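To start, the structure itself, in structure tokens.
Read-outs throughout are calculated quantities, based only on the coordinates presented, and are distinct from any laboratory measurement. Fair warning: this is a prediction, and the values are worked out from it, not measured in the lab. Here the Cβ positions follow ideal geometry from the backbone for every residue, glycine too, while neighbour counts run over all protein chains shown.
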Amino acid sequence: MMITTAANEYIKKMIEKNNHGVFRLSVKKTGCSGYAYLPQVNEEINPHDSKHEIENGLIIYIDTAWLHLLQDVQIDYVEENKTGLKQKKLIFTHHNEKGRCGCGESFHLESQ
């Protein structure tokens, strides 16, 4: 897993805003392309998650059921100004991604 400096800082701010919970990354089956990344800040650690220490003291908990889809993901953070609305979001990229749905929320991989 590779996380940009911008994503690292954004995730840390999310954790601070949510009473210093933990950042958890999972995947859910959804959408027209099959899967969607599910980042969230939780108050408690799920005992089935694996702990990953990232640069600058960031700790991410990954749902072990989806570890095979998440271990090669790259996470970035962008701020976009579309139609006068400023959007801040994490962007997930996987080198085996074969396509995304029209809205870009769900994806599918070459080897599923």
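Quick notes on this structure:
- Alpha-carbon centroids, the range 60-87 and the range 1-36: separation in whole Å: 6 Å
- Cα point-scatterer Debye curve for the range 2-106, base-10 log of I(q)/I(0) at q = 0.10, 0.16, 0.23 Å⁻¹: -0.29, -0.76, -1.42
- Most tightly packed first, judged by the mean number of other beta-carbon atoms within 10 Å of their residues, the peptides 48-57, 35-44 read 35-44, 48-57.
- Each peptide among 1-11, 16-26 gets the average number of other Cβ atoms lying within 10 Å of its residues, and from highest to lowest they stand as 1-11, 16-26.
- Against the rule of thumb 2.2 N^0.38 Å, how large the Cα Rg of the range 4-44 comes out: 1.36
- Listed cross-link partners Lys28/Lys82; Lys51/Lys86; Lys28/Lys86; Lys12/Lys89; Lys17/Lys86; Lys12/Lys82 are compared with a 22 Å cut-off, the Cα-Cα value being larger for Lys28/Lys82; Lys51/Lys86; Lys28/Lys86; Lys12/Lys82.
- Calculated FRET value between Val78 and Asn18, using beta carbons and R₀ = 25 Å, to 0.05: 0.75
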